[in-house]
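See structure below.
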Amino acid sequence: MRAPFKLALVAAALFALAEVFASMVMPAYSLRLPLAVNGARGVHGAVLFNLGAFILPGICLLLAQQAMYRVLAPAGWVARMGMTLAQLSALAFALQGVFRLDLQELDGPAGRLHISMWMLWWISFLPAMLLLTASAKRGKGFAGLCLGAGLLVPLLALLVPTGIWVGLPQRFAFLLWFCWWLLAARTLTDTSTSAPGSSSPAGR
């Protein structure tokens, strides 16, 4: 069952390609600016950027989560809640591309919706990782991965960005988030494939 890892890989690749697209097409592109500025209303190429950076990767991860949830379901309700919150994080990530910033009115309805989705993205990810750390029962490596990602993503997204270098730490937060999905999908699918009873009847 490699589908979750492949979906996570596609999501990360789309995100990276969207960043390359923005750097080539958008005259005002800068690593100093928040990523969402590239998808703001009125920006040339914003619709394509939002599709590649937020919407399509989020959908891929929502699909990957379904298979990952089934693998962790036997670990108990705490693990299931953790994966549900991870799903909420992926949904909020995708919706950042739906609710675009309006640079002319950052405090307007569009800006508030986008910021709400950005906050929900990392706020739901932190308890998801803490719950999975405590309950996933996939070894110390997986627990350490969840704990590290759960602490570092909010730190990079919220606390580190200061002054003119707001965009760079936020991009590291997004990249770390994608890394968790990739490594978690790989770990869980490997565990599922190697679990007793997972071989095909022909191989028994």
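If the requirement is being without any contact (Cβ under 8 Å) to a residue 24 or more places away in the chain, over 21 Å from ARG70 (Cβ atoms) and not in a helix (DSSP H, G or I), which of these qualifies: ASP102, ASP107?
Sole residue among the options that is without any contact (Cβ under 8 Å) to a residue 24 or more places away in the chain, over 21 Å from ARG70 (Cβ atoms) and not in a helix (DSSP H, G or I): ASP107.
Of the residues ARG171, ARG100, only one is among the charged types (D, E, K, R), closer than 23 Å to ASN38 by Cβ, surrounded by 15 or more Cβ atoms within 10 Å (Cβ to Cβ) and within 14 Å of the chain's Cα centre (by Cα); which?
Criteria check complete, one pass: ARG171.
VAL71 versus (1) open to solvent by less than 10 Å² (accessible area, probe 1.4 Å); (2) at pLDDT below 95: which is the lone unmet condition?
Every listed condition holds for VAL71 apart from (1).
Please verify whether segment 76-93 includes one or more residues that are out of contact with any Cys (no Cβ under 7 Å at 6 or more places or on another chain) and assigned to a loop (DSSP other than H, G, I, E, B).
yes
The values are calculated or read from the model by the stated rules, or taken from the named source; none is laboratory data. Model, not experiment: these values are computed from the prediction. All Cβ positions, glycine included, derive from the backbone under ideal geometry; neighbour counts span all protein chains shown. Side chains are part of the model used for accessible areas, which takes the heavy atoms of the whole protein and leaves out ligands, DNA and RNA. Shrake-Rupley method; radii C 1.70, N 1.55, O 1.52, S 1.80 Å.
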